[in-house]
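**Q** Okay, here's the structure, questions in a sec.
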Protein chains: 2
Amino acid sequence: MARTQADDYTEKRVAIRQKAAQMFADEGFDRTSMAALASACGISKALLYHYYNDKSELLYDVIAGHLSELCLDVEQADDETLSPNDRLLSLILSLLDAYSHADNEHRVQINALKFLPADKQESLKDMERELVHRFCNAIAATNPKLGANKAILMPVTMSLFGMLNWHYMWFRQSGVLTREQYAQMAMTIITDGTENLI
Amino acid sequence: MARTQADDYTEKRVAIRQKAAQMFADEGFDRTSMAALASACGISKALLYHYYNDKSELLYDVIAGHLSELCLDVEQADDETLSPNDRLLSLILSLLDAYSHADNEHRVQINALKFLPADKQESLKDMERELVHRFCNAIAATNPKLGANKAILMPVTMSLFGMLNWHYMWFRQSGVLTREQYAQMAMTIITDGTENLI
DNA sequence: CCTACCGATCGGTAGG
DNA sequence: CCTACCGATCGGTAGG
């Protein structure tokens, strides 16, 4: 009987992807050689190329897997029956929680997405835009006047993303603040901070 | 008479540094070859090495020049005779203004500082810490209770830096918001947003 | 013995 | 699933 794809093909791809995320995050995309990645995975470089046709496909997979997980988590956390502030808090918490479980992938997304060819970047940026759009709506719900002023709503939303995406640069698990406390702080800064903005 | 160092030695170094900042920002540090940089400067690679002993010295100079300019500008903008809110606004404005005149250098600082050897990173991180410290003090002045709570003051300050350092990712000169308006918005978000935080 | 500058090429390593 | 290679390009340096 002809051999078909190995049963564990997908699992092995996932293992490679996770190791790649770690090395891309630690050393940078350009500085991680395919040979070093293969060695770290305990396989030959030729076998690595059996699972991934080229290096950029691997980078794409790392970021795409991360972003689709992010979109899913945030979508599930988006509960419109909550009060506007609690709804926004739930979104922020789900984002920070997803980041904490995918710290390597998050750093790769932030630092290496630009190394992808333009067309591959676009589908990933679409997912980023979906995330931004969901946060936009939740912020708008906390403040009707702000929600009606798209020209101000966008910079406010990007300010929140700046806070959250910058988080990994300084936040330490062992610090004085828990992730939950920071989520609460970020929510309060955005809602109270924009209350009298317009 | 014996020849000494050319009069325009320093100017030529500056020109090389600025071109390097542009290419490092556009293409990434690792993807900018010394040969391509020399070519863009209209000089030979050997002459490029006459001005800079190696590639990492060039990267260091780009970031160090930017950060020392930043520290200087922000120091001059720090006017303690202003009201606390106006003082913070002045700091934010000077930072965004410096960023706008050194967009390439800013992007290199954010994306490529990690490629420097550890010891060279430290002196640059010292300058970053000096900046953070100045903002910390200004934020503390806007809110006595916050100023007395260092454990909360630090995350608030890092939130502001997240907003400002993320700015280049989405802000466009032609957008609906001017840089001055965004500075005002950032100041308000931080001051109003932290008013009832503790 | 200095600085300024060139064409050619070094030893290693990249992705494939 | 491997070793053996490739075309190209890297950062850096030679002699003059």
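Derivation of every value follows stated rules applied to the coordinates shown; laboratory data play no part. Remember, predicted model here, so these are calculated numbers, not experimental data. Note that each Cβ is placed from the backbone with ideal geometry, even for glycine, and that neighbours are counted across all protein chains shown.
**Q** B:ARG13 fails exactly one of the following numbered conditions: (1) in contact (Cβ under 8 Å) with a residue 24 or more places away in the chain; (2) touching a Leu at 6+ places or on another chain (Cβ under 9 Å). What is the number of that condition?
**A** Of the numbered conditions (1) in contact (Cβ under 8 Å) with a residue 24 or more places away in the chain; (2) touching a Leu at 6+ places or on another chain (Cβ under 9 Å), the odd one out for B:ARG13 is (2).
**Q** Next question, about the same structure. Collect the residues in region A:172-196 that are facing chain B (nearest Cβ under 8 Å), more than 16 Å from A:CYS136 (Cα to Cα) and in a loop (DSSP other than H, G, I, E, B), keeping them in residue-number order.
**A** Of everything in region A:172-196, those that are facing chain B (nearest Cβ under 8 Å), more than 16 Å from A:CYS136 (Cα to Cα) and in a loop (DSSP other than H, G, I, E, B) turn out to be A:VAL176, A:LEU177, A:ASN196.
**Q** Take the residues in region B:42-95 that are among the charged types (D, E, K, R) and within 16 Å of DNA strand C (Cβ to nearest atom), then tell me which one is nearest to the other protein chains (Cβ to nearest Cβ).
**A** Residue satisfying both the conditions and the ranking: B:LYS55.
**Q** Does A:TYR99 satisfy being touching a Phe, Trp or Tyr at 6+ places or on another chain (Cβ under 7 Å) and in contact (Cβ under 8 Å) with a residue 24 or more places away in the chain?
**A** So A:TYR99 fits the description; yes.
**Q** Of these, B:ARG13, B:ARG31, which one is within 13 Å of DNA strand C (Cβ to nearest atom), within 14 Å of another protein chain (Cβ to nearest Cβ) and either in contact with a His (Cβ under 9 Å, 6 or more places away or on another chain) or more than 18 Å from B:HIS133 (Cβ to Cβ) (or both)?
**A** B:ARG31
**Q** Anything in region B:16-28 that is within 14 Å of DNA strand C (Cβ to nearest atom) and at negative phi? List them, or say none.
**A** Of everything in region B:16-28, just one residue is within 14 Å of DNA strand C (Cβ to nearest atom) and at negative phi, namely B:ILE16.
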